[in-house]
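*Asks:* Please read through the structure below; I'll follow up with questions.
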Number of protein chains: 2
Amino acid sequence: MDKHFWITDQRIDINDCISKVTRAEAGAVNTFIGTVREFTKGKRTLYLEYQAYASMAEKKLTQIGEEIAAKWENTETAIVHRVGRLEISDVAVVIAVSTPHRNDAFEASRYAIERIKEIVPIWKKEHWEDGSLWIGDQKEKISYKKGVPVEEDMRND
Amino acid sequence: MDKHFWITDQRIDINDCISKVTRAEAGAVNTFIGTVREFTKGKRTLYLEYQAYASMAEKKLTQIGEEIAAKWENTETAIVHRVGRLEISDVAVVIAVSTPHRNDAFEASRYAIERIKEIVPIWKKEHWEDGSLWIGDQKEKISYKKGVPVEEDMRND
């Protein structure tokens, strides 16, 4: 499978993502890895659940790759986001960007994670010691107190 | 071995470097990977050789980790640089920095690669189609036309 932008319910192999962008013209690869953090503002997370509108999410990840290709010359990008139940320190997202020169790799990778949080329909359910909550968008501005978001909620474009 | 800053003459395992910094308090890992690029300004590289004053290089890499710890809160850094003969697309250097929040991870990783090029005694011999040259410092401002640098040349601090 040579998909560069995908959603998976399996453990992410970071090398798999990096090897998709490694090539002779590139001298730099920047990788951003998002992992499940145990404490947020003193509150302990036990585990997380991610849910995605997968086909739309892959379309949006692909769009981010196209945006990067338009903004920085000679880039190659791969992005994978995991869904389902994730434990502390599990890898939730990997972005890999290769470029001939390092400055572009840093900038493009940074751009990608911000855009993922802006436009990709992935929801997170935080399970704390004292309860749980679906977080409606990745910028964490919308909560779904009634429970799991329905597919209609996921069409955020 | 739990060394976080090291020189190796073996193929670098990127996951090994990343796993050294992955931890429950961190939600973000930024990784910078430097690979051997085939073309530089139209000139084709066949392969590279890196040589280091290894004990000093590890000391300097450790210093960079300490500088990062002083500049950004709650970071964990690992850096490995390979020496010997490297082929096109081989991994020459991996930097991994984990932080609770992603902004710091990007900044610290960026800082690390610039500092490596400034202070770490590692020399590169470019083998092109039409000849070869030892590059005296990683900012590529010094050349050793006479051949391999001697140990004296490597004590650059």
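Values in this text are rule-based calculations from the coordinates and carry no lab data. From a predicted model like this one, the values you see are computed outputs, not experimental measurements. Positions of Cβ are generated from backbone atoms using ideal geometry, with glycine treated the same way; all protein chains shown enter the neighbour counts.
*Asks:* Given a Förster radius of 25 Å and the C-beta distance between residue A:6 and residue B:15 as r, what FRET efficiency does 1/(1 + (r/R0)^6) yield to the nearest 0.05?
*Replies:* Numbers: r = 19 Å, r/R0 = 0.78.
It comes out at approximately 0.80.
*Asks:* Quick check for me: using +1 on Lys/Arg Cβ and -1 on Asp/Glu Cβ, what's the dipole size of segment B:5-154 about its Cα centre, in debye to the nearest 20? It would help to have the intermediate numbers written out before the result.
*Replies:* On the way: 22 positive and 25 negative charges, 75 e Å.
Charge dipole of segment B:5-154: 360 debye, to the nearest 20.
*Asks:* If you don't mind, another one. Using Cβ counts within 10 Å as a stand-in for footprinting exposure, how do A:43, A:124, B:41 rank, fewest first?
*Replies:* On the way: A:43 11, A:124 19, B:41 4.
Ranking A:43, A:124, B:41 by Cβ neighbours within 10 Å, fewest first, gives B:41, A:43, A:124.
*Asks:* Place the label 7 angstrom along Cα→C-beta at residue B:2 and in each other copy, then list the distances from the first to the rest in nm, shortest first.
*Replies:* In nanometres, ordered from closest: 4.3.
*Asks:* Cβ under 15 Å from residue A:75's Cβ, residue A:75 left aside: what net charge do those residues give with Lys, Arg +1 and Asp, Glu -1? Working shown, then result.
*Replies:* Details: positive: A:20, A:23, A:71, A:102, A:110, A:115, B:37; negative: A:25, A:66, A:67, A:73, A:76, A:104, A:107.
Net local charge, residue A:75 excluded: 0.
*Asks:* What's the long-distance tail for chain B, i.e. % of Cα pairs beyond 22 Å? Walk me through the intermediate numbers first.
*Replies:* Values: 5062 of 12246 pairs.
More than 22 Å apart: 41 percent of the Cα pairs in chain B.
*Asks:* Find the centroid of the Cα atoms in segment A:86-134 and in segment B:56-79, then give the distance between the two in whole Å.
*Replies:* 24 Å
*Asks:* Take the Cβ-Cβ distance between residue B:117 and residue A:24 as r, set R0 to 25 Å, and report the resulting FRET efficiency rounded to the nearest 0.05. Don't skip to the end; give the middle numbers.
*Replies:* Working: r = 22 Å, r/R0 = 0.87.
About 0.70, to the nearest 0.05.
*Asks:* At 7 angstrom along the Cα-to-beta-carbon line, where would the label on residue B:129 sit relative to the other copies? Give the distances in nm, shortest first.
*Replies:* Ordered by distance, the counterparts are at 6.6 nm.
*Asks:* Hey, fewest Cβ within 10 Å first, where do A:49, B:129 land in order?
*Replies:* On the way: A:49 16, B:129 8.
Taking fewest neighbouring Cβ atoms as first place, the list is B:129, A:49.
*Asks:* Another question, then. Binning every alpha carbon pair distance of the protein assembly as shown at 20 Å from zero, what are the percents per bin?
*Replies:* Answer for the protein assembly as shown: a P(r) of 32, 53, 14, 1 percent.
*Asks:* Determine the alpha carbon to alpha carbon distance for each of A:41/B:3; A:60/B:3; A:20/B:117; A:41/B:20 and list only those over 29 Å. Provide the component values of the computation, followed by the final result.
*Replies:* On the way: A:41/B:3 31 Å; A:60/B:3 40 Å; A:20/B:117 27 Å; A:41/B:20 24 Å.
Where the Cα-Cα span goes over 29 Å, the pairs concerned are A:41/B:3; A:60/B:3.
*Asks:* In addition: Send over the semi-axes of segment A:33-102's equivalent ellipsoid, whole angstrom and largest first, taken as the square roots of 5 times the C-alpha gyration tensor eigenvalues. Can you show the working numbers first?
*Replies:* Working: eigenvalues 161, 49, 16 Å².
Semi-axes, largest first: 28, 16, 9 Å.
*Asks:* Taking the axis about which chain B rotates onto chain A, which residue of B lies nearest it as judged by Cβ position, and how many whole Å separate them?
*Replies:* Spelled out as residue then distance in Å, it is B:31, 2.
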